[in-house]
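Since the structure comes first, as structure tokens, the remarks are kept for the end.
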Amino acid sequence: MIKLIASDLDGTLLKNGAQEPNPRIYDIIKKLKEKGIRFAAASGRQHYNLRLLFEPVKDDIFYIAENGSLCICGEQVISRGLIERSLGLRIFKAVRDRGGCHCLLSCESACYTDSKDTEFIRYIRDVLRYDLRTADDLADITEPFLKIAICDFTGTDGIEEYFGELFNDEIKVVTSGMIWIDFIAPNANKGSALSDLAAHLGIRPDECMAFGDQYNDTEMLQFAGISYAMADGAPGISDYATNVTDCVEDVLEDFLKKL
């Protein structure tokens, strides 16, 4: 019996660049909860933003934010992953040296950028609706580093290869949507966060279902007993899932009908 369902957002629940979920998902989440099945939003996005996106059910779900670097159950942080400060500082320098892309540092209180590009700042604040703060230099931020993300509006091909060659030996570098790559703490990913959440709730892996479309979803897809890769997801992502789908809501509505 499935007791916990986790879904990625961008490219999975949020299709074709959408910045709001289909309202269908709110009703589905409520019906799942009535059946004793809980839902977790699992994303590279920040916790603040996830609560905005799931406003109608914000207190009824769990949160796996920052690609698994922050897992929250109610008011309790179940787990967090941290990037070593010295490594983070070297990543910031590599971003400056390369140029042509923008760096976003996620901390528990907010996210930060030292980009001076007004379009990037507008995109983060007004389109993604993040709690964004600006800094002259990200090295000035003293909070622990949860995640570092790099945005290139032209796509990830160039930055994934460039930064992967520099840092793959020290930290996981993954695509996270069409224009982002993420540096994820070595002890954190969506799968480890889902595992921590399931253990906290007394739920087995075979009682979990997961949905994802990118390589930052692989551990989560592998952890869950039933998993769905999106049909239009990253090439090869279906190898990590038990099923393929075009629509999360369709799968969940069919699932509810069978209960």
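The values are calculated or read from the model by the stated rules, or taken from the named source; none is laboratory data. Just so it is clear, the structure is predicted and the values come from calculations on it, not from any experiment. Methodologically, a virtual Cβ is constructed for each residue, glycine included, from the backbone with ideal geometry; neighbour enumeration extends over all protein chains shown.
Taken over the range 110-144, the criterion of being over 23 Å from Gly17 (Cβ atoms) and touching an Asp or Glu at 6+ places or on another chain (Cβ under 8 Å) is satisfied by Ala110, Asp114, Thr134, Ala135, Asp136, Asp137, Leu138, Glu143, Pro144.
Condition check ((1) in contact with a His (Cβ under 6 Å, 6 or more places away or on another chain); (2) closer than 27 Å to Ser192 by Cα) across all residues:
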{"site": "Ser109", "(1), (2)": "no, yes"}
{"site": "Ser115", "(1), (2)": "yes, no"}
{"site": "Leu138", "(1), (2)": "no, no"}
{"site": "Glu165", "(1), (2)": "no, yes"}
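The residues of the range 10-40 that are closer than 19 Å to Val127 by Cα and either among the hydrophobic types (A, V, I, L, M, F, W, C) or in contact with a Cys (Cβ under 7 Å, 6 or more places away or on another chain) (or both), listed by number, are Leu13, Leu14, Ala18.
Of the helices (runs of 4 or more DSSP H) entirely within the range 128-244, those holding at least 3 residues that are out of contact with any Phe, Trp or Tyr (no Cβ under 7 Å at 6 or more places or on another chain) and modelled with pLDDT under 95 occupy 157-167. Within the range 90-121, the residues that satisfy the criterion of being surrounded by 17 or more Cβ atoms within 10 Å (Cβ to Cβ), of a type in the set (S, T, N, Q) and out of contact with any helix residue (DSSP H, G or I) (no Cβ under 6 Å at 6 or more places or on another chain) are Thr113, Ser115. Entry remark, the range 227-251: residues being more than 20 Å from the chain's Cα centre (by Cα) and in contact (Cβ under 8 Å) with a residue 40 or more places away in the chain number 1 in total.
For the range 188-200, check the following and say yes or no: at least one residue is crowded, with 24+ Cβ neighbours inside 10 Å, of a type in the set (Lys, Arg) and under 17 Å from Ser43 (Cα atoms). Yes: the range 188-200 contains one or more residues that are crowded, with 24+ Cβ neighbours inside 10 Å, of a type in the set (Lys, Arg) and under 17 Å from Ser43 (Cα atoms).
As for the range 80-87, it holds at least one residue that is within 14 Å of Leu194 (Cβ to Cβ) and either without any contact (Cβ under 8 Å) to a residue 60 or more places away in the chain or of a type outside the set (Lys, Arg) (or both).
Close Cβ contacts (under 7 Å, 6 or more residues apart or on different chains) running from residues in the range 57-76 that are under 16 Å from Tyr130 (Cα atoms) to residues that are hydroxyl-bearing (Ser, Thr, Tyr) and assigned to a strand (DSSP E or B) comprise Glu66/Ser106. Figure legend. Inter-residue proximity from the range 22-33: first residues assigned by TED's automatic domain parsing to the domain that holds Asp254 and among the aromatic types (Phe, Trp, Tyr), second residues crowded, with 20+ Cβ neighbours inside 10 Å and part of a loop (DSSP other than H, G, I, E, B), beta-carbon distance below 9 Å, spacing 6+ or different chains. Indicated pairs: Tyr26/Phe54. Considered as a group, the residues in the range 156-182 that are in contact (Cβ under 8 Å) with a residue 40 or more places away in the chain and aliphatic (A, V, I, L, M) include one that is surrounded by the fewest Cβ atoms within 10 Å (Cβ to Cβ), and that residue is Met178. Taken as a whole, the condition of being buried (at least 24 other Cβ atoms within 10 Å of the Cβ) and on the phi < 0 side of the Ramachandran plot applies to Ala185.
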